[in-house]
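*Asks:* Take a look at this one; I'll ask things after.
The values are calculated or read from the model by the stated rules, or taken from the named source; none is laboratory data. Given the structure is predicted, the values throughout are model-derived calculations rather than measurements. With ideal geometry, Cβ positions are generated from the backbone for all residues, glycine too; neighbour counts draw on all protein chains shown. Heavy atoms of the whole protein, side chains included, go into the accessibility calculation; ligands, DNA and RNA do not. Shrake-Rupley method; radii C 1.70, N 1.55, O 1.52, S 1.80 Å.
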Amino acid sequence: MGEVKLEDIFEILDNYDKDNITIATLGSHTSLHILQGAKEEGFRTAIVCEKGREVPYQRFDVADEYIIVDKFKDIVNEDVQQKLRDMNAIVIPHGSFVAYAGLDNVEDKFNVPMFGNRDILRWEAERDKERALLVEGEVRIPYKYDDPSEIDRPVMVKFPGARGGRGYFVASSPEEFNKKIDAMKARGWLEDSDVANAHIEEYVSGCNYCIHYFYSALEDEVELLGMDTRYESSIDGFVRMPAKDQLDIDLSPSYVVTGNHPAVIRESLLPQVFEMADKLVESAKKLVAHGLNGPFCMQTLVNDNLEVICFEISARTDGGTNTFMGGSPYSYLTHGKPMSMGRRIALEIKNAIKKEELEKIIT
């Protein structure tokens, strides 16, 4: 079909009934608060859900319309797209949407208006592009190794895409890197083709804060909406063992995210928190057409020098936003009422409709 063209999306949007917009998303990841937030702002809601996984959305009653598919990837099928367009749907992307639909399909086949900038999704998925955004903005980031043979201290090894930590590991030498790569391949977590794309960076010892922001293209302003840290398996279980028991077993811990819990950061660090987000937004304006629009996350570590160091970004709503479905201390300070990320997205869409500026926030 070829690349999705912005003018085609705008033509679809022009034909929408702006008084009857539906907020839609894929039934996974952060869809509960995306849809609940849309309802709170008066929108109809729709969910594209894999058969057998619709129960949570029915029990919590967040969706007005259900499109049941055999596989999540079927959201890019033309019949599903037509159903969405017939609903005047604006689709909200999240990590599972990107992972299941596939970036190529999102860029080339998905002719449904999407909130935010679909062009920036590849910049978060490809490590070199992600790093370029941070380097351009002069954001403090870990040192990167170009080749496994250069490893001379503890490093974190990561791979492209929205994996939720699956396949990540720590190594301290080229030999340990190779041994753990083989172990990950044996578990079926990595393919041979993944190894060439391994992203190797210094292991920064510090406390983890995943910081959730919203950039309003309508107001040209960055908001801090919440923070979380992660429960990761099996590393969190492993470190609960006494040291002597850790040494007695052959266990290579993994970093698969299984849950999140809310956090607040030391108040004196907030200037760094805002500065790094402002820098990222400005670098995105320079490097990516249409920039960074809507929700994003900067995953950080704070070391004992009280430096906030960013090691990863999400250029759409991140899973940790589930920790403040009823609002966070930071979203309350900004809005004076409970404000989830989903509700903030819906509020931006509502304001854009009022101002007749939907084209600023849709691609």
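*Asks:* Return the total of residues in the stretch 205-229 being farther than 12 Å from Leu301 by Cα, of a type in the set (Ser, Thr, Tyr) and out of contact with any Cys (no Cβ under 8 Å at 6 or more places or on another chain).
*Replies:* Matching residues across the stretch 205-229 total 2.
*Asks:* Going by the conditions given, is Ser254 more than 18 Å from Glu312 (Cα to Cα) and either in contact with a Phe, Trp or Tyr (Cβ under 7 Å, 6 or more places away or on another chain) or open to solvent by less than 50 Å² (accessible area, probe 1.4 Å) (or both)? Write out each step before concluding.
*Replies:* Details: more than 18 Å from Glu312 (Cα to Cα): no; either in contact with a Phe, Trp or Tyr (Cβ under 7 Å, 6 or more places away or on another chain) or open to solvent by less than 50 Å² (accessible area, probe 1.4 Å) (or both): yes.
Against the criterion (more than 18 Å from Glu312 (Cα to Cα) and either in contact with a Phe, Trp or Tyr (Cβ under 7 Å, 6 or more places away or on another chain) or open to solvent by less than 50 Å² (accessible area, probe 1.4 Å) (or both)), Ser254 does not qualify.
*Asks:* Can you name the residue in the stretch 128-176 that is part of a helix (DSSP H, G or I) and of a type in the set (Gly, Ala, Ser) and, of all such residues, is most open to solvent (accessible area, probe 1.4 Å)?
*Replies:* My answer is Ser149.
*Asks:* Something else: If you scan the stretch 267-309, which residues turn out to be surrounded by fewer than 22 Cβ atoms within 10 Å (Cβ to Cβ), within 12 Å of Ile211 (Cα to Cα) and within 16 Å of the chain's Cα centre (by Cα)?
*Replies:* Gln299 - this is the single residue of the stretch 267-309 that is surrounded by fewer than 22 Cβ atoms within 10 Å (Cβ to Cβ), within 12 Å of Ile211 (Cα to Cα) and within 16 Å of the chain's Cα centre (by Cα).
*Asks:* Hey, any hits in the stretch 105-122 for a residue that's touching a residue at least 40 places away in the same chain (Cβ under 8 Å), within 19 Å of Glu312 (Cβ to Cβ) and among the aromatic types (Phe, Trp, Tyr)?
*Replies:* no
*Asks:* In addition: Among the residues that make up the stretch 18-30, is at least one of them touching a Leu at 6+ places or on another chain (Cβ under 6 Å) and among the hydroxyl-bearing types (Ser, Thr, Tyr)?
*Replies:* The answer is no, given that none of the residues of the stretch 18-30 is touching a Leu at 6+ places or on another chain (Cβ under 6 Å) and among the hydroxyl-bearing types (Ser, Thr, Tyr).
*Asks:* Quick one: Trp189 ticks every box in (1) modelled with pLDDT of 90 or more; (2) surrounded by fewer than 20 Cβ atoms within 10 Å (Cβ to Cβ); (3) more than 29 Å from Gly291 (Cα to Cα) except a single one, so which number is it?
*Replies:* Answer for Trp189: the failing condition is (1).
*Asks:* Can you list the helices (runs of 4 or more DSSP H) lying wholly within the stretch 21-120 that have 3 or more residues being among the charged types (D, E, K, R)?
*Replies:* Working: elements: 31-40, 55-59, 78-86, 95-101, 103-108.
Answer list for the stretch 21-120: 78-86, 103-108.
*Asks:* So which residues in the stretch 347-363 are of a type in the set (Asp, Glu), open to solvent by 20 Å² or more (accessible area, probe 1.4 Å) and either in contact (Cβ under 8 Å) with a residue 40 or more places away in the chain or part of a helix (DSSP H, G or I) (or both), if there are any at all?
*Replies:* Selection gives Glu357, Glu359.
*Asks:* Can you tell me which residue in the stretch 177-211 is nearest to the chain's Cα centre (by Cα), limited to those that are assigned to a helix (DSSP H, G or I) and small (Gly, Ala, Ser)?
*Replies:* Among those residues, the one meeting the criterion is Ser193.
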